[in-house]
């Protein structure tokens, strides 16, 4: 999963990532009591075909559709160079989770994935029990290759199913059908015991019954985690330019309510806006995003957030794969970097934390932003008065109403 980054938070470089003395020693406008947990995100930018709803930094793989058609060796060289350049910014900090996203990371060969994970272990202090997730799409599944991924150290899979209905898959521009989706899950469960399925609802022409059939199909496999996303028309996508007919709001809300009830009945807890997990199977990597932890992002277009004693830095890598490889190998992987202003931090923190059903400890606001809690005291009080936040001084937690009107709640913490 690519983390949520507020619009406009990445601008032309105002901080030089190479100036480590400035980042570590020069006084800033905040004072962090310590370093948040650190994760690593790795972006693989190629897909077999670009989906019309997708606004991620993904590009159709050239030529045929097997892994040999992407410049795998050169890209892995660039990732290693990028990581080596970033080491002074995270020196000595343990990495708790790794997420390999895309695009379609399962286009990498087994040998390529093994090389990538070996480079990570050689360069970073990776926790022995680190959660290491890889995204995969049906149509790229071969049992032998996924057995090799598991042997290399991948211990969690996230599969982009989206639907089990061939008509809806075709409308979404997916390259797989129901048969390939089910075969992919079977292969995944043969090699992995921690598997997430991505599904979408409120699809073009979808009925309530069709939505429930998709959900029942997903539940029948007994996976540990489900990510259930309401289809939205994102800017700069084909669907935004040529909008399909989607279910109206009333039907979409009915789908959402039934999904909530049925997943709870099946033993899943709705712990984040779009995430449902069996007990103790929450996505640790994504939890770190939502709790405003740190993450180093490498790969084409990857975003990162890194904390230092007196500042928080956001980075973005060059987006186009060819440009990224050229620049990373030349020692310039980062295209844009900037300090996050103290006036921006409250909204950035709350944008993520309020997605969590349980919210976060109130103390984490100071721990992860370096700002006193009274900085947002008025907004917290106003949100409680409207019934959007729980009246608990030890936690920042949305109510059921707050979760339903999440955008309104988050906007209360925008700077004036």
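Taken together, the values in this text are just the output of simple stated rules run on the coordinates, not laboratory data. Since this is a predicted model, take the numbers as computed values, not measurements. Quick reminder, even Gly has a Cβ in these numbers, built from the backbone with ideal geometry, and neighbours come from all protein chains shown.
What to note about this one:
- Sorting 336, 135 by the number of Cβ atoms found within 10 Å of their own Cβ, with the fewest placed first, yields 336, 135.
- Model label zone, residue 229; criterion: amide N under 19 Å from point 7 Å along Cα-to-beta-carbon; scope the range 39-54: 41-54
- Shape category assigned to the chain from the gyration tensor of Cα positions, a/c cut at 1.5: oblate
- Value of relative contact order over the range 151-194, rounded to a whole percent, pairs C-alpha under 8 Å and six or more apart: 47
- In terms of other Cβ atoms within 10 Å, 211, 54 run from fewest to most in the order 54, 211.
- Per-residue Cβ neighbour rank within 10 angstrom, fewest leading, 104, 323: 323, 104
- Between residue 400 and residue 382, the modelled label-to-label distance comes to 2.6 nm, taking each label 7 Å out from Cα in the direction of the beta carbon.
- Projected label distance in nm at residue 253 and residue 73, using a 7 Å step from Cα toward the beta-carbon: 5.8
- A Förster radius of 25 Å, combined with the Cβ-Cβ distance separating residue 236 from residue 322, puts the computed FRET efficiency at roughly 0.80.
- Gyration tensor verdict on the range 163-258 (Cα atoms; rounded if a/c is under 1.5, prolate if a/b is larger than b/c, oblate otherwise): prolate
- Relative contact order of the chain, taken over Cα pairs closer than 8 Å and 6 or more residues apart, is 21 percent.
- Approximating the spin labels as points 7 Å out from Cα along Cα→Cβ, the residue 142-to-residue 119 distance works out to 2.2 nm.
- Its DSSP H runs of at least 4 residues, each contributing -39,500 (n - 2.57), put the calculated 222 nm mean residue ellipticity of the chain at -10500 deg cm²/dmol, to the nearest 500.
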